[in-house]
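Visitor: First the structure, which I've put down as structure tokens, then a few questions once you've had a look.
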Amino acid sequence: MAKTKIVVLDGYTENPGDLSWDGLRALGDVTVYDRTSYSEAPIIAERIGDAEIVVMNKTPISKATIDKCPNIRLIAVLATGYNCIDYSYAKEKGIPVVNVPTYGTASVSQYSIALLLEICHHIGHHDATVHEGRWANNADWCYWDYPLIELEHKTMGIIGFGRIGQAEGRVARALGMRVLAYDLYPNDSGRAIAEYVDLDTLYKEADVITLHCNLTPENTGMINSESIARMKDGVILINNARGQLIVEQDVADALNSGKIAGAGLDVVYTEPIRADNPLLKARNCIITPHISWAPIESRQRIMDATVANVKAFLDGAPINVVNK
């Protein structure tokens, strides 16, 4: 019996060499490409060819690609988000799209706190100045180039209070912070950590605002000049959820005016970041290259879950289907 043909279109970010594809190879004949294309291109369909199972992360799977590849039986995403797939058309064609719904709770919440602490202390900057010789040649026994911020007794407002938001909230509580949360679906586990409030209250009272919500048409661009105007002067903004949640020019303007004291961003609207992104020249803006999710422990969970998704499909009982 012929092996199931499986193609991985953009496997490098998931596995740059420190993991193994053997679990997937046990389920079929696997071809792995490090990168294919992150925008619509003929090479996507060419590489899929007659494969039955397509595994991808950010390579788009469009209606045109699906039509060119009639053998596709399953599309498996090496991530939680699946907006780069025409999943509605895949449903029409009887193709399940499966994702990895939970894998980065610990790593993403930890990274959000890391961004916040870097803004509070500018550890990277001060470390660089010491290595450049400034401390050795300093007249005083210490110095600091930015205001240093203590978080105890300050208020964190978390927008999107699911698993990741609640994990961050527990850390914030451990730091002595008051925690406010906004979520469409309040629950008891959230109430044990935070006070649920409406967005207006969160904007008005939070010293730190962090984003952990899914991207939807309704919340795209939710952090904009209007919502920023309702925030405290000197608020800190953290976003390692989705870049499209913020209007980048509005956030850059607020950073440059001091309305936002600092921002820590691991995501931007267009990735890789464009050279003309206004945030690159904004004051007090830390930007990292979308790596909150990337510790090896987190990526191993993605690998394990993807293997489980493919196996379940081959066994006739698909799991984690997002386009039922």
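Visitor: Which is out of contact with any Asp or Glu (no Cβ under 8 Å at 6 or more places or on another chain) and under 23 Å from T102 (Cα atoms), of N219, N256, N284, N239? First the steps, then the outcome.
Guide: Details: N256 fails: under 23 Å from T102 (Cα atoms); N284 fails: under 23 Å from T102 (Cα atoms); N239 fails: out of contact with any Asp or Glu (no Cβ under 8 Å at 6 or more places or on another chain).
That would be N219, the only listed residue that is out of contact with any Asp or Glu (no Cβ under 8 Å at 6 or more places or on another chain) and under 23 Å from T102 (Cα atoms).
Visitor: Name the residue, out of A128, A136, A172, A167, that is outside any helix (DSSP H, G or I) and either of a type outside the set (K, R) or under 17 Å from I223 (Cβ atoms) (or both). Spell out how you get there, then give the answer.
Guide: Values: A128 fails: outside any helix (DSSP H, G or I); A172 fails: outside any helix (DSSP H, G or I); A167 fails: outside any helix (DSSP H, G or I).
Answer to the check: A136.
Visitor: I want to confirm something. Restricting to the stretch 1-40 and keeping residues that are of a type in the set (D, E) and outside any loop (DSSP other than H, G, I, E, B), which single residue is most open to solvent (accessible area, probe 1.4 Å)? Outline the logic, then answer.
Guide: Let us first name the residues in the stretch 1-40 that are of a type in the set (D, E), namely 10, 14, 18, 22, 29, 34, 40.
Pick out the ones that are also outside any loop (DSSP other than H, G, I, E, B) and you get 22, 29.
Values: D22: 96, D29: 79 Å².
Ranking the candidates gives D22 first.
Visitor: Just checking, how many residues over the stretch 216-249 are among the aliphatic types (A, V, I, L, M) and either touching a Gly at 6+ places or on another chain (Cβ under 8 Å) or modelled with pLDDT under 95 (or both)? Don't jump to the end; show me each part of the working.
Guide: Narrowing the stretch 216-249 to residues among the aliphatic types (A, V, I, L, M): 222-223, 228-229, 231, 235-238, 241, 245-247.
From what's left, either touching a Gly at 6+ places or on another chain (Cβ under 8 Å) or modelled with pLDDT under 95 (or both): 236-238, 241, 245-247.
Within the stretch 216-249, residues that are among the aliphatic types (A, V, I, L, M) and either touching a Gly at 6+ places or on another chain (Cβ under 8 Å) or modelled with pLDDT under 95 (or both) number 7.
Visitor: Here are the criteria: (1) hydroxyl-bearing (S, T, Y); (2) open to solvent by less than 10 Å² (accessible area, probe 1.4 Å); (3) over 22 Å from T105 (Cβ atoms). Tell me which single one T201 does not satisfy.
Guide: (2)
Visitor: From (1) more than 27 Å from the chain's Cα centre (by Cα); (2) within 21 Å of L314 (Cα to Cα); (3) not hydroxyl-bearing (S, T, Y), pick out the condition that doesn't hold for A64.
Guide: (2)
Visitor: Out of the residues in the stretch 98-112 that are of a type outside the set (S, T, Y) and not in a strand (DSSP E or B), which is surrounded by the most Cβ atoms within 10 Å (Cβ to Cβ)?
Guide: Residues of the stretch 98-112 of a type outside the set (S, T, Y): 98-101, 104, 106, 108, 110.
Filter again for not in a strand (DSSP E or B), leaving 99-101, 104, 106, 108, 110.
Numbers: N99: 23, V100: 22, P101: 12, G104: 25, A106: 15, V108: 23, Q110: 17.
Per the stated criteria, the residue is G104.
Visitor: Restricted to the stretch 247-260, and to residues that are more than 10 Å from I228 (Cβ to Cβ) and open to solvent by 40 Å² or more (accessible area, probe 1.4 Å), which residue is nearest to the chain's Cα centre (by Cα)?
Guide: The qualifying residue nearest to the chain's Cα centre (by Cα) is Q249.
Visitor: Looking at (1) closer than 18 Å to V235 by Cβ; (2) without any contact (Cβ under 8 Å) to a residue 24 or more places away in the chain; (3) of a type in the set (G, A, S), which is the only condition A136 fails?
Guide: Here A136 meets the rest and fails (1).
Visitor: Further question on the same structure: Among the candidates H212, H153, which residue alone is at pLDDT 95 or above and over 23 Å from the mean Cα position of the chain (by Cα)? Show your work before the answer.
Guide: Values: H212 fails: over 23 Å from the mean Cα position of the chain (by Cα).
Selected residue: H153, the only one of H212, H153 that is at pLDDT 95 or above and over 23 Å from the mean Cα position of the chain (by Cα).
Visitor: Any idea which residue in the stretch 77-97 is most open to solvent (accessible area, probe 1.4 Å), counting only those that are under 18 Å from the mean Cα position of the chain (by Cα) and hydrophobic (A, V, I, L, M, F, W, C)?
Guide: Once the filter is applied, the top-ranked residue is C84.
The values are calculated or read from the model by the stated rules, or taken from the named source; none is laboratory data. As the structure is a prediction and not an experimental result, all values here were calculated from the model. Don't worry about glycine lacking a Cβ; one is built from the backbone with ideal geometry, like all the others, and counts go over all protein chains shown. Accessible surface is based on the protein model in full, side chains and every heavy atom, while ligands, DNA and RNA are left aside. Shrake-Rupley method; radii C 1.70, N 1.55, O 1.52, S 1.80 Å.
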